[in-house]
1. Please find, among Ala104, Ala84, Ala31, Ala97, the residue that is at pLDDT below 95 and either surrounded by fewer than 20 Cβ atoms within 10 Å (Cβ to Cβ) or among the hydroxyl-bearing types (Ser, Thr, Tyr) (or both).
2. Would you please list the contacts, defined by Cβ atoms under 7 Å and residues six or more apart or on different chains, that run from a residue in the range 98-118 that is more than 20 Å from Ser59 (Cα to Cα) to a residue that is modelled with pLDDT of 70 or more and part of a loop (DSSP other than H, G, I, E, B)?
3. Looking at the range 58-81, which of its residues are assigned to a loop (DSSP other than H, G, I, E, B), of a type outside the set (S, T, N, Q) and buried (at least 16 other Cβ atoms within 10 Å of the Cβ)?
4. Looking at the range 139-154, which of the residues that are over 14 Å from Ile34 (Cα atoms) and at pLDDT below 95 is surrounded by the most Cβ atoms within 10 Å (Cβ to Cβ)?
5. Please verify whether the range 1-22 includes one or more residues that are crowded, with 19+ Cβ neighbours inside 10 Å, out of contact with any Asp or Glu (no Cβ under 9 Å at 6 or more places or on another chain), modelled with pLDDT of 70 or more and not aromatic (Phe, Trp, Tyr).
Amino acid sequence: MDQSVASSSSHYISIFTNFPLISSLLAFTIAQFIKFFTSWYKERRWDLKRLVGSGGMPSSHSATVTALALAVGLQEGFGGSHFAIALVLTTIVMYDATGVRLHAGRQAEVLNQIVYELPAEHPLAESRPLRELLGHTPPQVIAGGMLGLSTAVVGYLVILIAK
């Protein structure tokens with residue numbers, strides 16, 4: 001087999017052993033499953049949209065980027081530029097979740113109420129409602145961050161034990 005072909009195929013396979021990627025995807029998946037069950041607990045109904053939707057407890061965005069940043073730090077070191085990039089990304093995503101996206105969701109709630117109260121003959125009365133679950137409260141973001149940290153730490157410990 002040509003050496004360059006073998007080398008390039010091993011690069012493709014290495015995506016399955018990429019610790020930061022696996023940690024972040026696992027944290028996202030766990031957060032979405034938790035949301036599915038917390039929404040059932042709150043509303044007493046199963047909502048399959050919670051498996052892929054945004055908003056709710058815990059923040060899957062926060063879990064994902066926190067797991068990514070910590071996994072990069074654990075693997076590459078906390079003094080390098082890779083960790084700096086991941087940490088800045090994490091802070092922006094978490095800030096955005098509690099700021100812009102949270103307030104956009106609250107505005108959607110108000111606008112939906114206004115449209116709901118319009119007379120039936122108004123052209124906007126039949127408008128499709130805006131999505132209200134866009135952002136997160138600070139406790140939802142903190143819970144997502146803690147989930148992300150836990151996921152990366154457990155993954156790192158598994159790797160250390162396996163060696």
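The values are calculated or read from the model by the stated rules, or taken from the named source; none is laboratory data. Predicted, not measured: the structure shown is a model, and the values here were computed from it. Here the Cβ is made from the backbone with ideal geometry for all residues, glycine too, and neighbour counts use every protein chain on show.
1. Criteria check complete, one pass: Ala104.
2. Going by the 7 Å Cβ cut-off, the qualifying pairs are Val115/Ser127.
3. Passing the criteria: only Pro58.
4. Only one residue fits best here, namely Ile142.
5. No, there is no match, as no residue in the range 1-22 is crowded, with 19+ Cβ neighbours inside 10 Å, out of contact with any Asp or Glu (no Cβ under 9 Å at 6 or more places or on another chain), modelled with pLDDT of 70 or more and not aromatic (Phe, Trp, Tyr).
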